[in-house]
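Single-structure report; data block below.
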Amino acid sequence: MSIVLTVAELTDLVAEVLVRHGLARDSARCVAGVVAAAERDGSRSHGLFRLPGYVATLKSGWIDGNARPVVTEVAPGVVAVDAANGFAQPALAAGSPLLIAKARSQGIAAMAIRNSHHFAALWPDVEPFAEAGFVALACVNARSRVAPWGATRKFLGTNPMAFACPRDGAPPLVWDQASSVIAQGEVLLAARDGHDLPDGVGLDAAGQATNDPRAVLDGGAMLPFGGHKGSGIAFMVEILAAAVTGGRFGFEDGSAAFPGAQTSNAGECVILIDPARAGGTDVGSRIAGLFEGFAAAGVSRLPGDARYARRSRSIAEGVSIPAETYETVQRLLAG
Ligand code: NDP
């Protein structure tokens, strides 16, 4: 059994749940937009599955539901946003017009968001910039869950990054991935559903390899993708998202003092390049040609293809929500 809603109905429903639990209405619309978009695109680990975590975090007092982001023009090429201990999405929305103006006038600009909580997929943060013609990179750090290469305990976050670029004749090419082998949401889903994890994903509390998702969650650690190379990417994200922005490192997170809190108070760095100002000509058509080359080389699926296919289906037929998930949302709405 499932319930079918339009994307607009789903966004309204999620926003009402968040408002009910103390998030200001304009911020709730921003956050609900990314939750509904994840559900629409089938990014299930960051859709409605996360809604109880948003609510628990709001109830815990760890995040300020009435936070007002403060945007500051700190340098010709840099916009700083203090999210004021609120969610990252309203901070991103508040800083984006100035970021775009700077990138258009100078060819490159960065947005440094700090004091922010990001609990969503990262692709919604970059895709709109590529739709506007920019090449965009975003990095977010998070509380400790991943053992750096060579470590036996968690220290870095799952530290996602997303990249988007325009291409002619198709929606932007977007990839979005955690720096861990799999995202923490997948470990939570495996624990909930009683599935083993694949080899090479996690360590238990003693620092030994394990396939048990509960052992990873209960004092263990996740592993970075690609061994020492992924570990380097993970600390690069930590530095861009926290050191560069003035945000907290993952190991400085204080959420443990707020029972129920599931988000990290951390940072996000977004970098935009306007290819037309950087010497690139016919960039959309050249990128499209690059991926035609991928297809000729035998690639049948590019990053984002699966999401875009699910998006088309959801827009045509509505977003299908399992009855059990819908009941959970209704319970949250009731209080
Ligand atoms: P995945 O490994 O599922 O996917 C990573 C990327 O690879 C996606 O762009 C995906 O495209 C693409 N991809 C997947 N399979 C293939 C394939 N066979 N061929 C080509 N491309 C492929 O992502 P993760 O598990 O690493 O991360 C999941 C989500 O978790 C992300 O959205 C991330 O932002 C989020 N996250 C958020 C955190 C936070 O603190 N807010 C922390 C960590 C992760 P497609 O989209 O089409 O599947």
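The values are calculated or read from the model by the stated rules, or taken from the named source; none is laboratory data. Just so you know, these numbers come straight off a predicted model, no measurement behind them. Quick reminder, even Gly has a Cβ in these numbers, built from the backbone with ideal geometry, and neighbours come from all protein chains shown. Calculation scope for accessible area: heavy atoms of the full protein, side chains included, ligands and nucleic acids excluded. Shrake-Rupley method; radii C 1.70, N 1.55, O 1.52, S 1.80 Å.
What the table shows:
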read-out: Matching option when the condition is at pLDDT 95 or above, in contact with a Phe, Trp or Tyr (Cβ under 7 Å, 6 or more places away or on another chain), within 14 Å of the ligand (Cβ to nearest atom) and not β-branched (Val, Ile, Thr), among Ser264, Ser231, Ser255; value: Ser255
read-out: Subset of region 293-303 that is surrounded by fewer than 12 Cβ atoms within 10 Å (Cβ to Cβ) and part of a helix (DSSP H, G or I) - its residue that is nearest to the ligand (Cβ to nearest atom); value: Ala295
read-out: The one condition in (1) assigned to a loop (DSSP other than H, G, I, E, B); (2) open to solvent by less than 70 Å² (accessible area, probe 1.4 Å) that Thr152 fails to fulfil; value: (2)
read-out: Residues that are under 30 Å from Cys165 (Cβ atoms) and without any contact (Cβ under 8 Å) to a residue 60 or more places away in the chain, drawn from region 301-335; value: Arg301, Asp305, Ala309, Ser312, Arg313, Ala316
read-out: Criterion (touching a residue at least 12 places away in the same chain (Cβ under 8 Å) and open to solvent by less than 20 Å² (accessible area, probe 1.4 Å)) met by exactly one of Val14, Val78, Val4; value: Val14
read-out: Filter result (of a type in the set (D, E, K, R), in a helix (DSSP H, G or I) and either open to solvent by 90 Å² or more (accessible area, probe 1.4 Å) or under 17 Å from Phe119 (Cβ atoms) (or both)) within region 235-251; value: none
read-out: Residue check, Cys165 surrounded by fewer than 23 Cβ atoms within 10 Å (Cβ to Cβ) and either away from the ligand (no atom under 15 Å from the Cβ) or modelled with pLDDT of 95 or more (or both); value: yes
read-out: Residue match in region 203-220 (condition: at pLDDT 95 or above, within 14 Å of the ligand (Cβ to nearest atom), in contact with a Ser or Thr (Cβ under 6 Å, 6 or more places away or on another chain) and not in a helix (DSSP H, G or I)); value: no
